[in-house]
Amino acid sequence: MLNKPVLVESLIVFIIVLFVHAVVWDRYSWCAIALAVQAFYVQFKWDRLLQLGGAVFQFRAAANSGLLPASMVIPLLGIVMKERCKSAGIVYFERFGIVVASTGMLVALFLSVIAVGITKPVPTNTCILTGVAGSIIIYTMKHSLTVSEVIEVLEVLLIFVYLSMILLYLLPRCFTPGEALLVLGGISFVLNQLIKRSLNVIEGRGDPIDFFLLVAVVGVVLLGLFFTVLFIFMDSGTWISSMFFHMMTAVLGLGVIMPWLYRLIQRNPLFWLLQFLFQTQTRVYLLVYWTFLAASACGVVFYQNAKRSSESKKHQASTITRKYFHFIVVATYIPGLIYDRQLLYVAAVLCLAVFIFLEYIRYFRIKPFGQTLRHLLSLFLDERDSGPLILTHIYLLLGMSLPVWLFPRSCAPKGTLSGAGALVPYSGVLAVGVGDTIASVFGSTMGEIKWPGTKKTFEGTMTAIFAQIIAVALILIFDSSVNLNSSYAWILASVSLVSLLEAYTTQIDNLLLPLYLQIMLMA
């Protein structure tokens with residue numbers, strides 16, 4: 001029997017795909033629609049595999065596979081990026097958008113073929129659909145990509161295959177298939193870009209903050225893989241192992257990551273970072289303000305844990321308590337978006353590296369803080385943290401930061417896109433910081449009419465849409481660089497569709513919603 005919430009979620013995704021291609025229609029539109037149709041059918045094969053325990057790896061329970069919404073994110077991002085850069089006349093990034101779209105389609109198609117291949121009996125109709133979609137995509141790629149671009153797409157696919165086999169084995173129940181596609185696909189693309197740029201370094205080419213993001217992401221991932229393999233052979237909870245962890249972190253950081261970054265930016269990374277952070281008085285004020293907010297977030301964690309100690313019956317933080325962090329993150333990002341987006345870009349990269357490093361300390365029980373972190377963070381776990389890693393706070397940071405990192409600065413001569421595209425950097429703030437937070441708070445406290453087949457409420461969704469419209473109005477007042485050019489109807493449609501997706505999706509909404517809102521606004 002078909003799952004009604006999954007059908008509604010799929011319908012919303014189809015509407016978004018059609019909306020985007022109503023504005024941006026070219027040869028890649030046929031590929032995207034073919035991919036969406038086959039992902040819809042394969043999604044139910046994945047769901048059946050998960051229910052019967054027939055999947056090769058252990059995926060997150062209490063959620064569907066999420067293959068359709070995840071499959072469309074990277075291709076749509078590439079397509080809208082291509083169109084924006086084409087209109088700006090930036091050929092290099094236009095070609096880059098084509099590579100992103102092609103890579104996303106091929107990786108999603110690969111995941112679909114895996115599901116079809118291990119389903120018994122073999123689903124004939126789904127195989128035919130997958131074959132047709134694959135033929136359309138490969139035919140289009142053949143007539144669109146150069147030889148070097150085809151090699152680049154295949155390199156990302158190869159990295160994705162190996163990375164998936166390693167991480168899905170080491171981290172059971174941390175992802176759904178759709179979340180694995182997004183996260184591991186993104187890491188694979190970043191790793192390939194870093195290798196490509198490292199082999200073709202041209203002095204003066206490239207923005208140092210882009211290199212900083214690539215090296216930081218790849219560095220923390222490689223660090224995690226190294227220690228995971230190492231601690232298979234030794235107990236990570238001893239003082240000797242903990243000292244070795246800190247020593248090797250310093251060795252890898254100073255001996256591998258820093259020289260790698262030095263090769264890319266052609267200057268001392270530490271001196272560059274310090275000069276960048278304290279370059280202007282505005283940046284100093286922002287850093288002081290962000291330090292205060294970080295201390296406030298830590299205060300909330302300590303206060304809630306002290307409260308748990310005094311109230312033995314209460315084991316988990318409430319939804320409203322967890323949304324405190326959403327409010328703090330909104331208060332962090334809005335001043336950065338208004339006054340200094342480059343500083344926000346770098347600060348978000350640093351924060352991501354710190355979050356992942358602290359998660360390593362908690363996961364491996366590294367002394368002296370590993371056990372303390374386990375105790376403090378256990379209060380804020382929810383059903384999505386069913387694996388060995390706690391990822392919800394990292395997903396929150398990613399959801400707010402990805403629109404800033406993925407903003408096509410080179411295709412925006414004045415630092416901002418025209419029309420609804422001017423709100424692209426605010427996608428995370430609107431979708432997660434405002435929409436998701438308001439929907440959860442009002443839905444859990446005042447909501448009575450539930451959307452069919454879900455725990456989400458009609459009142460929560462409507463309040464979220466209304467709150468995001470108010471937030472857009474406030475952005476127009478306080479950020480003079482935003483000029484919407486009368487694209488209010490498109491913004492309302494984008495916000496409404498993403499809010500409806502939030503009501504029906506079982507995937508990590510902190511990651512999925514900002515990306516879909518960014519796609520809609522960039523289109």
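The values are calculated or read from the model by the stated rules, or taken from the named source; none is laboratory data. This is a predicted model, so every value here is computed, not measured. Note that each Cβ is placed from the backbone with ideal geometry, even for glycine, and that neighbours are counted across all protein chains shown. The area values use the complete protein model at the heavy-atom level, side chains included, leaving out ligands, DNA and RNA. Shrake-Rupley method; radii C 1.70, N 1.55, O 1.52, S 1.80 Å.
Chymotrypsin sites (Phe, Trp or Tyr not before Pro), restricted to the stretch 206-244: which are DSSP loop and have at most 13 other Cβ atoms within 10 Å?
F233
Step through the table entries K142/K196; K323/K455; K4/K82; K45/K456; K45/K323; K82/K456, compare each Cα-Cα distance with 24 Å, and write down the pairs that go over it.
K4/K82; K45/K456; K45/K323; K82/K456
Using a probe of 1.4 angstrom, how much of the accessible area of the stretch 227-386 is carbon and sulfur, in percent?
70 percent
Amide H of L391 versus every other amide H placed in the peptide plane: which residues, excluding those fewer than 5 positions away on the same chain, fall under 5 Å?
none
So who's got an amide H within less than 5 Å of the one on T457, skipping anything under 5 residues away but keeping other chains? H placed 1.01 Å off N, in plane.
Distant-sequence amide H within range of T457: W451.
Starting from the amide H of L417, placed 1.01 Å from N in the peptide plane, find each other amide H under 5 Å away whose residue is 5 or more places distant or on another chain.
A422
Based on alpha-carbon centroids, what's the gap between the stretch 475-523 and the stretch 257-309 in Å, whole number please?
Result: 28 Å between the Cα centres.
Test of understanding: what is the full-extension gain from T124 to V150, defined as 0.36 nm times their sequence separation minus their Cα-Cα distance?
Contour length minus the Cα-Cα distance gives 6.4 nm.
Report, as a whole number in µm² per second, the diffusion coefficient that Stokes-Einstein gives for the stretch 1-193 at 25 °C and 0.890 mPa s using the Kirkwood radius over alpha carbon pairs.
My calculation gives 145 µm²/s for D.
Return the loop-located trypsin sites (Lys or Arg not before Pro) in the stretch 426-523 (DSSP other than H, G, I, E, B) with at most 14 other Cβ atoms within 10 Å of their own Cβ; answer none if there are none.
For trypsin sites (Lys or Arg not before Pro) across the stretch 426-523 that sit outside H, G, I, E and B with at most 14 neighbouring Cβ atoms in 10 Å, the list reads K455.
Under a Cβ-Cβ limit of 4.7 Å, which cysteines in the chain have nobody to pair with?
C31, C127, C174, C298, C351
Would you work out the relative contact order for the chain, in percent, from Cα pairs under 8 angstrom that are 6 or more residues apart?
It comes to 18 percent, rounded to a whole number.
What does the convex hull of the Cα atoms of the stretch 51-153 come to per residue, in Å³, rounded to a whole number?
Taking only Cα atoms, the stretch 51-153 has a hull volume of 119 Å³ per residue.
If packing is taken as the average count of other Cβ atoms within 10 Å, what order do 338-345, 165-172 fall into, highest mean first?
Going from most to least packed, we get 338-345, 165-172.
Which residues in the stretch 319-348 have a backbone N closer than 15 Å to a point placed 7 Å from the Cα of F478 along the Cα-to-Cβ line?
Output list for this probe position: 327-341.
What dipole magnitude, in Debye to the nearest 20, does the chain give about its Cα centre under +1 on Lys/Arg Cβ and -1 on Asp/Glu Cβ?
My answer is approximately 500 debye.
Can you give me the relative contact order of the stretch 1-193 as a percent, contacts being Cα pairs under 8 Å and 6 or more apart?
It comes to 29 percent, rounded to a whole number.
Name all residues of the stretch 380-413 having a backbone nitrogen under 13 Å from the label point set 7 Å from the Cα of Y92 along its Cα→Cβ direction, giving them as ranges.
Label zone hits: 409-411.
Would you be so kind as to identify which of T392, S494, I366 lies farthest towards the positive end of the dipole of the chain, taking Lys and Arg as +1 and Asp and Glu as -1 on Cβ and the Cα centre as origin?
Value: I366.
In terms of Cα to Cα distance under 15 Å, which aspartates and glutamates are near enough to K367, apart from those fewer than 8 places away along the same chain?
Within the straight-line limit of under 15 Å, K367 reaches these aspartates and glutamates: D235, E359.
Per the helix-only calculation at 222 nm, which mean residue ellipticity applies to the chain, given -39500 (n - 2.57) for every DSSP H run of n ≥ 4 and division by its residues, nearest 500 deg cm²/dmol?
It comes out at -24000 deg cm²/dmol, rounded to the nearest 500.
What three numbers, in Å, describe the spread of the alpha carbons of the chain along their principal axes, ordered from the longest?
The principal-axis extents, from largest down, are 59, 57, 55 Å.
Within 10 Å, at most 13 other Cβ atoms, and a DSSP state outside H, G, I, E, B define an exposed site. Report the longest part of the chain free of exposed GluC sites (Glu not before Pro).
Looking at the chain, 1-202 is the longest stretch - no exposed GluC sites (Glu not before Pro) with at most 13 other Cβ atoms within 10 Å.
Residues in the stretch 376-409, backbone N under 15 Å from the label point at A61 (7 Å along the Cα-to-beta-carbon vector): list them, ranges by number please.
Only 382-388 pass the distance filter.
Counting other C-beta atoms within 10 Å, and keeping those with at most 10, which DSSP coil chymotrypsin sites (Phe, Trp or Tyr not before Pro) do you find in the stretch 86-163?
Those that pass, being in a loop and sparsely packed, number zero.
With every protein chain kept in place and ligands, DNA and RNA left out, what is the accessible area per residue of the chain? Probe 1.4 Å, answer in Å².
Accessible area per residue, the chain: 45 Å².
At R0 = 60 Å, how high is the FRET efficiency between V161 and M446 if r is their beta carbon distance? Nearest 0.05 is fine.
Calculated value: 0.80.
So which DSSP H runs in the chain come out at 15 Å plus along the axis (Cα) with average Kyte-Doolittle of at least 1.6?
The answer, listed by residue number, is 4-23, 91-118, 147-170, 208-230, 458-478.
Under a plain spin-label model, where a point goes 7 Å from the Cα along Cα-to-Cβ, how far apart in nm are F327 and S410?
4.2 nm
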